[in-house]
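Single-structure report; data block below.
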Amino acid sequence: MDFELSEAHKMLAESVYDFMLREIDPIAEQIDREDKLPDWVWKKLGGLGWMGVTVPEKYGGSGMDYLAQCICLEQMSRICPALSLSCHAHSNLCCDNLYRNGNEAQRQKYLPPLCRGEKLGALALTEPNAGSDAVGIQMRAKRDGKYYVLSGTKTFITNGPVAGAMILYAKTDPEKGAKGITAFIVEPGCQGTFTARHLEKMGERGSPTGELIFDDYRVPEENILGGLNQGVSVMMGGLDMERVAGTGWTLGMGERALELSLKYAKERVQFGQPIGQFQLIQEKLVDMYVGIESAKLLMYKAATMAQSADRGGKGSEINKVAAAALLLAGQVATQAVLHAVQIHGGYSYMLDYPVNRLLRDVKLGEIGAGTTEMRKIIIARELLRG
């Protein structure tokens, strides 16, 4: 049992953080205010190998493991959670999913431009009436010769308004319920109507989120991902990996909250001494540190297990541990940010302070990839099954 990161993982963490500090931190407030990431960022990240972290080099990726994906997102999130979120949706939800479930022709066609950052990827699962109940989706895909005609609405789709390729789930055989769902690779420009509406969010501003409306949108049958009516298998495996990688994105916000709080506690003087000398402030800092370190160790375990499960390993064990890692990270990061707000006092209520942005950003960590309540249900189900 070795708790030391490899040299490759350490170098990745340092490289990502240095880039974020140098290139993104100076414009982080602008990104939040304008709700827009700079156009140049995707190709820049692609050139650095961070747009397809777990995709083999053969297809343009970095060929690294899920721990590397977690670390990459964690370090991005320390500076700009919105950029980390969009990279999560692109690199993990889209590219990794496409590699694991796609055939060779699909991999060759879609992965290289995605990994280079020439196209942005997305995952289109959530619908207005199907969030945590993912298999309750209502979007239809009706066969018409060599095409499937999509009709329906997806919502809260990260990268949706600007995606050049997305993995989308639809009912191809509604009477079969969950066993009648199929995953498709969908691009803009097909015959039919596709409308994307940008959604305004409280936090994670800069990461584009959209409502996507499809009306008689024709997708060729060769764009089926993982087999006809096999969408649930693609979906559930993807959700495990989403929760593992999402732990890194969530945890980075908690780390940033602790960093800002430590700095402020040393500099802010009240009653003739730095506020870090007061025990009630110290208690908050300690709680933040213990929670973050605990969640980080569980993330490492989940990422290691995910690598094994991807090769045909653990089975339901990864469902439980992935849900547990994201559950703990979400709770820890949210509490860390709340402590940071209390430590910063009135300054935390000002929109131009980083801790304020964290407060608005971090709540999504308890909602996305299945809410806190759904994560608990998954863990309980697997405990009782075992």
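The values are calculated or read from the model by the stated rules, or taken from the named source; none is laboratory data. All values derive from a computational prediction rather than experimental measurement. Neighbour counts are summed over all protein chains in view; Cβ atoms, including those assigned to glycine, are modelled from backbone coordinates with ideal geometry. Surface areas here come from the heavy atoms of the whole protein model, side chains and all, with no ligands, DNA or RNA. Shrake-Rupley method; radii C 1.70, N 1.55, O 1.52, S 1.80 Å.
Contact order for segment 226-345, expressed relative to its length and based on alpha carbon pairs under 8 Å spaced 6+ residues apart, stands at 42 percent. Backbone geometry of segment 69-82 corresponds, through the Karplus equation with coefficients 6.51, -1.76 and 1.60 at θ = phi - 60°, to 3J(HN,Hα) couplings of 4, 4, 5, 4, 5, 4, 5, 4, 5, 5, 10, 8, x, 5 Hz, x marking Gly and Pro.
Extension gain, residue 215 to residue 48, is 56.3 nm, computed as 0.36 nm per intervening residue step minus the present C-alpha separation. Under a straight-distance cross-link criterion of Cα-Cα below 22 Å, which lysines are reachable from residue 119, leaving out those fewer than 8 residues away in the same chain? Candidates past the 8-residue exclusion: 36, 43, 44, 58, 109, 154.
For segment 163-174, putting each phi into the Karplus relation 6.51 cos²θ - 1.76 cosθ + 1.60 with θ = phi - 60° gives couplings of 5, x, 7, 9, 9, 10, 10, 8, 7, 9, 9, x Hz, in residue order, rounded to whole numbers and with x for Gly and Pro.
When only the Cβ of Lys, Arg, Asp and Glu is charged (+1, +1, -1, -1), the dipole of the chain relative to its Cα centre reaches about 540 debye. Taking all protein chains together and a 1.4 Å probe, the residues 171, 201 rank 201, 171 from largest to smallest accessible area.
When both bridge partners sit in segment 97-209, DSSP labels roughly 70% of those beta bridges antiparallel.
Placing R0 at 35 angstrom, the Cβ-Cβ distance between residue 287 and residue 138 gives a FRET efficiency of 0.20 after rounding to 0.05. Accessible area of residue 357 (1.4 Å probe, protein heavy atoms only, ligands and nucleic acids ignored): about 30 Å².
Ordered by 1.4 Å accessible area with all protein chains kept, 228, 258 run largest first as 228, 258.
Which entry in [x] 21.0, 65; [y] 20.8, 79; [z] 23.7, 77 is this structure's computed Rg and Dmax of the Cα atoms in Å? Entry [y]. Taking a sphere under 14 Å around the Cβ of residue 4 and counting the other residues whose Cβ falls inside, with K and R at +1 and D and E at -1, yields a net charge of 0. Over the chain, dividing the summed -39,500 (n - 2.57) contributions of all DSSP H runs of at least 4 residues by the number of residues returns a 222 nm mean residue ellipticity of -16000 deg cm²/dmol.
Per-residue packing, averaged as other Cβ atoms within 10 Å, sorts the ranges 86-99, 47-60 into the order 86-99, 47-60, beginning with the highest. Each of 203, 122, 343 was scored by the projection of its Cα onto the charge dipole of the chain, and the greatest displacement toward the positive side belongs to 122; charges sit on the C-beta of Lys, Arg, Asp and Glu.
The length gained by stretching the chain between residue 33 and residue 266 to full extension, at 0.36 nm per residue less their Cα-Cα distance, is 81.0 nm.
Computed about its Cα centre, the charge dipole of segment 250-385 is approximately 280 debye, with only Lys, Arg, Asp and Glu carrying charge at their Cβ. Per-residue Karplus couplings for segment 57-66, computed as 6.51 cos²θ - 1.76 cosθ + 1.60 with θ equal to phi - 60°, are listed in order as 4, 3, 9, x, x, 9, x, 9, 9, 5 Hz, Gly and Pro entered as x.
Between residue 190 and residue 173, the contour length at 0.36 nm per residue exceeds the Cα-Cα span by 3.9 nm. Charges on Cβ only, +1 for Lys and Arg, -1 for Asp and Glu, centred on the Cα centroid of the chain; of 190, 19, 332, which one is farthest towards the dipole's positive end? It is 190. When the charge dipole of segment 36-182 is built from unit charges on Cβ atoms (+1 for Lys and Arg, -1 for Asp and Glu) and taken about the Cα centre, the candidate among 152, 77, 169 whose Cα reaches farthest toward its positive end is 152. Cross-link reach is defined here as a Cα-Cα straight distance under 21 Å, omitting same-chain residues fewer than 8 places apart; for residue 296 the lysines meeting it are 10, 284, 314, 320, 363, 376. Here segment 56-169 exposes an accessible surface that is 48 percent carbon and sulfur, computed with a 1.4 Å probe and the other protein chains kept in place. The distance between label points at residue 8 and residue 202 comes to 4.0 nm (points 7 Å beyond Cα on the Cα→Cβ vector).
Looking at the chain alone, DSSP beta bridges between its own residues are antiparallel in about 85 percent of cases. Protein-only accessible surface at a 1.4 angstrom probe places the residues 259, 211, 200 in the order 200, 259, 211, largest first.
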